[in-house]
């Protein structure tokens, strides 16, 4: 299963910029899309869902989506338990904190910082922040992530510059 992971798109309704072509191409080939918050408007979610089933969590800038999206979410994809939250808190202690919140998750996806992060957590968890495909902030390039899942295993995680 091919999963495209996005966060912090910050796309406003009618935004002329939209997602970059590389991100659109990845989404077009996804089996599932995950969005770790700061989506801003429901139309972005609807557009993503036209390409693939889409799961998302509420970000701190998602005022329009309060009551629509959960703050935390756990889904099972290809036998892998995937947890999602927007803000994972400070880098120090992140692995332990996310393991406490999502003790059974194999993969924990988060956003908020716009800083891509793909690394092992505690007890076999994998931690993933895809960065942002639209607002690079202090990063050299905007980014997103792809994850290949198969038969209960995380086969590959990749951060892609867009």
Report, for the range 2-161, the % of DSSP beta bridges that are antiparallel, rounded to 5.
-> 60
Cα gyration tensor shape for the range 1-61, rounded if a/c is under 1.5, else prolate or oblate = oblate
Exposure proxy check: 10, 86, 29 ranked by fewest other beta carbons within 10 Å?
-> 29, 10, 86
Residue-span extension gain [residue 158 to residue 100] - 0.36 nm each, minus C-alpha spacing = 18.4 nm
222 nm [θ] for the chain, helices only, -39500 (n - 2.57) per DSSP H run of 4+, per residue, to 500?
-> -4500 deg cm²/dmol
How high is the relative contact order of the range 2-161, given as a whole-number percent (alpha carbon pairs under 8 Å, six or more residues apart)?
-> 23
Please label the shape of the range 71-153 as rounded, prolate or oblate, based on the square roots a ≥ b ≥ c of the eigenvalues of the alpha-carbon gyration tensor (a/c under 1.5 means rounded; beyond that, a/b larger than b/c means prolate, else oblate).
-> oblate
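For the chain, what does the equivalent ellipsoid look like in terms of its semi-axes, each the square root of 5 times an eigenvalue of the Cα gyration tensor, given largest first in whole Å?
Semi-axes from the Cα gyration tensor: 22, 17, 15 Å.
Quick note: the coordinates plus some simple rules give every number you see, no bench work behind them. Model, not experiment: these values are computed from the prediction. Methodologically, a virtual Cβ is constructed for each residue, glycine included, from the backbone with ideal geometry; neighbour enumeration extends over all protein chains shown.
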